[in-house]
Structure formats: C-alpha cells, structure tokens
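Structure first, commentary second.
The values are calculated or read from the model by the stated rules, or taken from the named source; none is laboratory data. What you see is a predicted model; the values in this text were computed from it and never measured. Every residue, glycine among them, receives a Cβ derived from its backbone with ideal geometry; neighbour counts consider all protein chains shown. In case anyone asks, the SASA skips ligands and DNA or RNA and just uses the protein heavy atoms, side chains included. Shrake-Rupley method; radii C 1.70, N 1.55, O 1.52, S 1.80 Å.
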Amino acid sequence: MLDDFVGIRPSLHAPLQGLDTLEQHLHAERLGYVVVRVNGRSMKTIIEPFKIKMVEPIKLTTRAERENILKKAHFNPFQIPAEDVVIDLLTDSGTSAMSSEQWASMLRGDESYAGGRSWYRFEKVLHDLLGMQHILPTHQGRASERLLFELVGGPGKVIPSNNHFDTTRANIEHSGAQAVDLVIDEGTQPRSRHPFKGNLDPHKLEALISQVGAERIPVCMVTVTNNSGGGQPVSLANLREIRAICSRHHIPVFLDACRFAENAYLIKQREPGQGRRSAREIAREMFDLADGTTISAKKDGLVNIGGVLAMRDDALAERANNLLILTEGFVTYGGLAGRDLEAMAQGFTEVLDEDYLHYRLRSVEYLGEHLLAAGIQIVEPPGGHAIYIDAAAFCSHIPAARFPGQALVCALYRFAGIRAVEIGSVMFAHTNPDTGETVFPPMELVRLAIPRRVYTQSHIDYVVEATIEVFQDRRQIRGLRIVEAPKVLRHFSAKFEEV
C-alpha cells in the first residue's frame, strides 16, 4: 500500500488521491504526475539535490552595452565574449558544474603516459556502464566522431540516423560519405505530443537500405537524445526494432550517446513497462542493443572536457587504436590528462543518480511549461537538456531566407543578455546540387540549452520573463543576411547584418 503518496501534476500542482498500489503509482508517473513522499506528506517543490559551495559573479550589462556588443559580434552569439553574457544557454556541452567528488578525484589524477591508475578507473566505470570491451578516451565527442568516420566513412558510403547533429554530419561529409536523417514524421512537428519523437523511422530505414544497398551503409547511427530534433528521446522499443533491421542486413548500430542518462530517465518516465527499472538498467540495455558508441562526456559525463569511443569489433578497435595514437595520444590517455579521466569516471557515475535526473528533467520541463502558457510554441513535449522554441512561429513575419531563428537569438541577447543558439536555416540549410535551390530544414528552432547544476530556478524565471517580453514585441525583430561565412559549420563563425 502507498497511503502516504500523493500525485502532483507538474504544471498545475493539483493533488491526485487514491494511489493505493504500486501499479497505480507508476501509472500516475507515466501520465505526467510527479509522485513525491516526504515523511508521509506531499511536497510541491522539487529542490536542487545539491548544495552550492562556490559561486561565480554574473556581469550585468545594460541594453545599450549589449547593442554594441551584438554589433561587434556581427550578430553571431558565438562571437560574444562570455563575460558579457548574463544567462548563457548557448550549449550544455562542457558547461556543467562539477561536484566536490569530481574535484577531489582530479587531485588523485595519475599523469603517467601509459597505464596510469586513472585510466584503469575510467576504463572500469565505462566498461560497467557500456558493456563494451574496447574503450577509447578522446578529448571530446567530435574527436570520437572523426576517428569513427575516418575509419568507416568515405565516398559512396551512406550513414543513416534519426538526426545527425552538426559536428556528426560535418565529420561524415568530410570523409566523403552522405549523412541521411530518418526521424519519424512526428519528430518534425513541434506541436506533436508523441512521447518519443526522437525515434528513427524503421520503414524509412528499410527503404534506404533497399535503395542504396546494405553494403554501402557501414553503420547506422542513433542519437540519444535527438539533439537536432528538439532534445527528444528514443524509446527502447525503437532501438530494438532498429537493431533487428540492422542485424538482418549485417549493419552495425552505433549510438551517439552524449545524453544517454537523460534518454534513459525519459524512457523510465514515458515508456510502458519501464517505470520499475532503474535508469542505470535502462541505459545498459540501450548500449547492449548497439555495436559501439560515440560520447561527448561534456554532456552527461558532467565534465568540461572529454569523450569516449567504444566498440565491440576487435578489428575495428585495432584500427581505431592506431589512429588514436597517431592523432590524439596513447590509448590509455587519448589526449587527456589523468585528472580529466578521473573527473569523467566520477561524472559517469553521478549522472545516473535518479534524484539528480528527476530534478534535471523537471527543471527543463518547468521552463517549457511557462513558455507554452504564455503562448510561445516550443517543441513539445519538453525533452531532456533544452527547450526548443519554434522560431518560425515566433517570428512568423520573417521568411526562412532571412533566418528567423538567428534573429530571435539576437533579440534575446539584446533584450536580456541571454545567449541561445539557432538550430535551423543557418545551421542546416544547404544548396541542392542538382537545382541550385536552397533547401531549408523542416524546423526553424532556437535552443535554450540548460547547463547542468549551474543555474537556479530564479535564473530560469528570468529567462521566462525575458522571453515573454520579447514575444510580446516580436514584430520589432528584424531579419538577417549573411555577409561572410565558411563553407562548413558556418553557424560558428558567420557574420550577419540586420535587414
């Protein structure tokens, strides 16, 4: 019996009585209720499951100062000095606050070139988590991607995924291969409430295999959570189905698992039959369904630098080891200091704490709910690490060719010093080689990525208030044109001017 449980709907804080059995309790959670028990009483406030013992001051700028800063940065938030940002939601990559245990473990770092004890601790933690025998440390996720696609990519190859993120796509295309996105249709519809909008469409995958031939597909990637698609999770059922298809065609499955813990906890919350399992158990099944993985530890590894490339295939691992030594460092440090390996080992342990994950996902959901309540369309339902504003709807007066997402990013900084990132036409539009026409992505988004363990609820409330103010005056937002940009990954360094 669970007489002392009361359900709380997160958006309304409305009590739900009568949770008398464990099954009812789990069903309530699957419906979106947060069920809390504290000494027999319900608590409506979900607190940060940590204490703050060191602070960094925030420089508060004026609107006039930000106007000048924005112009000097050529309307590109990547070019704004960090000290001139009030709330930095540009990325959740490498921006986490490390724990006291992580800092303590760094002091124990063994800086031996080969076979240091920090390497063996890191290897054991990752082996236990992933269940893969070959663990290669790298300095960050894109290094893992470069190693993998230099080995399996190349001209004529086709690499499908639900959605490739920017550096993944760039590394694939740099090898000469073609990156193909096969997310389910609901994954391109911001208003759809499908619980697993990150899923890779199995029918689209089968069609691609029939079209190009399995021999041209060296790996199938699945991004968990699906960053380009709004931070949406991938279900275990979908991973099993993709695994079965790829096994029939002898195609290895690799996970882009930067946010594996958040994906696992969303599975626990949303997928029928998974509510009783721990996030660690779910994460392990996710990895058991894969032949390898690339991980940026700067996300769910809770560190400021580091990455992982892991795999089961002995021959591929030998080639990867040789390439790692050539370009990154010896296989027991991979271009990192021993203290970085220690911080990663501790971070990969801490991230699966379910009190942390519950707080983390609820914080993101809180932001999304308040924006929706104000009439601001986001990618629904809120995902794991960020809220994605539908910039096409927000700036409906700005055509795609004038980059409404980038315009909104600039408006948020100009008004409140909030730095966000565009995930839309600047990042993903491309030219059709046959027609010469510009092909725009299916969604025009602005991502508000929440760093882990960095901001409090009052910071998030500030973001809510500022975004609503910008929304109410949105007709004043002006479009942009590109005046200078590189051919690859242009969003990092492109220069713009207002139209």
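Compute the signed sum of charges (Lys and Arg +1, Asp and Glu -1) over the other residues within less than 14 Å, Cβ to Cβ, of Thr438.
Numbers: positive: Arg402, Arg481, Arg490; negative: Asp434, Glu437, Glu444.
Surrounding charge for Thr438 is 0.
Among rounded, prolate and oblate, which fits the range 218-358 when a ≥ b ≥ c are the square roots of the eigenvalues of its C-alpha gyration tensor, a/c under 1.5 means rounded, and a/b larger than b/c means prolate?
Oblate shape, in that a/c is at least 1.5 and b/c is the bigger or equal ratio.
When DSSP beta bridges are limited to those with both residues in the chain, what percentage is antiparallel, rounded to the nearest 5?
Just about 70 percent of them are antiparallel.
Shape verdict for the chain, please, from the Cα gyration tensor: rounded (a/c under 1.5), prolate (a/b greater than b/c) or oblate.
rounded
Loop-only check: which trypsin sites (Lys or Arg not before Pro) in the range 150-226 are DSSP coil with at most 15 other Cβ within 10 angstrom?
Arg191, Arg193
Add -39500 (n - 2.57) for each DSSP H run of 4 or more in the chain, then divide by its residues: what number comes out at 222 nm, to the nearest 500 deg cm²/dmol? Could you put the intermediate results ahead of the total?
Working: 17 runs with 191 residues, N = 499.
Computed ellipticity for the chain at 222 nm equals -11500 deg cm²/dmol.
Between the alpha-carbon centers of the range 282-316 and the range 40-69, tell me the distance in whole angstrom.
31
Any lysines with Cα under 19 Å of the Lys268 Cα? List them, leaving off those in the same chain fewer than 8 positions away.
Lys197
Could you point to the residue in Gln269, Val303, Thr293 farthest towards the positive end of the range 237-353's charge dipole, with +1 and -1 charges on the Cβ of Lys/Arg and Asp/Glu respectively?
It is Gln269.
Probe radius 1.4 Å, ligands and nucleic acids left out: which of Trp103, Trp119 has the largest accessible area, and how do the rest follow?
The residues order as Trp103, Trp119, largest area first.
Given a cut-off of under 8 Å on Cα pairs at least six residues apart, what relative contact order in percent is computed for the range 389-463?
32
Peptides 58-69, 288-299, 73-84: what's the order by average Cβ count within 10 Å, highest mean first?
Sorting 58-69, 288-299, 73-84 by mean packing, highest first, produces 288-299, 73-84, 58-69.
Leaving ligands, DNA and RNA out of it, rank Ser493, Ser175, Ser235 by accessible area with a 1.4 Å probe, largest first.
The ranking, largest first, comes out as Ser493, Ser175, Ser235.
So if I take the centroid of the Cα atoms in the range 140-178 and the same for the range 450-487, what is the distance between those two points in Å?
Cα centroid to Cα centroid, the span is 30 Å.
Taking Cα pairs under 8 Å and at least six residues apart, what relative contact order does the chain come out at, in percent?
20
Could you give the size of the charge dipole of the range 400-493 about its Cα centre, using +1 on the Cβ of each K and R and -1 on the Cβ of each D and E, expressed in debye and rounded to the nearest 20? Write out the running numbers ahead of the final one.
Working: 12 positive and 9 negative charges, 46 e Å.
Dipole magnitude for the range 400-493 comes out near 220 debye.
Could you sort Glu281, Glu354 by their accessible area in this structure, using a 1.4 Å probe and putting the largest first?
Listed by decreasing accessible area, they come as Glu281, Glu354.
Given Lys299/Lys487; Lys157/Lys487; Lys124/Lys299, which pairs have Cα atoms separated by over 24 Å?
Lys299/Lys487
Can you order the peptides 428-435, 247-254, 357-364 by their average number of other Cβ atoms within 10 Å per residue, highest first? Write down the numbers at each step before the final one.
On the way: 428-435: 11.2, 247-254: 16.5, 357-364: 19.0.
Peptide ranking by packing, descending: 357-364, 247-254, 428-435.
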